[in-house]
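A.B. asks: Here's a structure for you.
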Amino acid sequence: MEFELIYKEYWGKIFRLCMGYVNDYELARDMAQETFIKVWQHLPEFRNEATVGTWIFRIATNHCLRQLEQRRQMPPAEFPVNLPEEERMDKEPQIQWLYQSIAELPEVDRIIISLELEEVRQAEIAQIVGLSESNVRVRIHRIKEVLTRKMRRDGE
């Protein structure tokens, strides 16, 4: 499969997955770009044992988890307080709330709901996270319940 076609088809999905992990536009963009660098480097090794989408989501998920682990191990940096803030188009408040709420979930739940929102089939999600398909279905249901309760609570 040609890299450009893969990139065009999966860029938005991978970016949104990364946003679900970090809820930071610039960091999510960097993580998505790094994911596609890995995809490009390893595309000749792709063996079609899974769909290309499952393979890419697995690469992105593993990369995001490694990045988060590295960030936890690094001491926080001191930044100057009076830096000019870069203007960026604001996302809709509901989307911001959703990214923030997803970022607060446990890691596996973040992966699962982010993939579900990207309309990845539950069988593929199960392959990506290493759970049974029925376990994925149950977790999706529970995650949606948690997010619905949080939305009702925050909306009051």
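A.B. asks: Spot the failing condition for LEU117; the list is (1) open to solvent by 60 Å² or more (accessible area, probe 1.4 Å); (2) over 20 Å from HIS63 (Cα atoms), and only one is missed.
C.D. replies: That leaves (2) as the condition not met.
A.B. asks: Considering each residue of the stretch 121-130, count those that are closer than 19 Å to PRO106 by Cα and either modelled with pLDDT of 90 or more or open to solvent by less than 50 Å² (accessible area, probe 1.4 Å) (or both), and give that number.
C.D. replies: 5
A.B. asks: Go through the residues of the stretch 25-46 one by one and say whether even a single one is surrounded by 15 or more Cβ atoms within 10 Å (Cβ to Cβ) and not in a helix (DSSP H, G or I).
C.D. replies: no
The values are calculated or read from the model by the stated rules, or taken from the named source; none is laboratory data. None of these values were measured; they are calculated from a predicted model. We place every Cβ from the backbone using ideal geometry, glycine too, and count neighbours over all the protein chains shown. Keep in mind that these areas ignore ligands, DNA and RNA; they rest on the heavy atoms of the full protein, side chains included. Shrake-Rupley method; radii C 1.70, N 1.55, O 1.52, S 1.80 Å.
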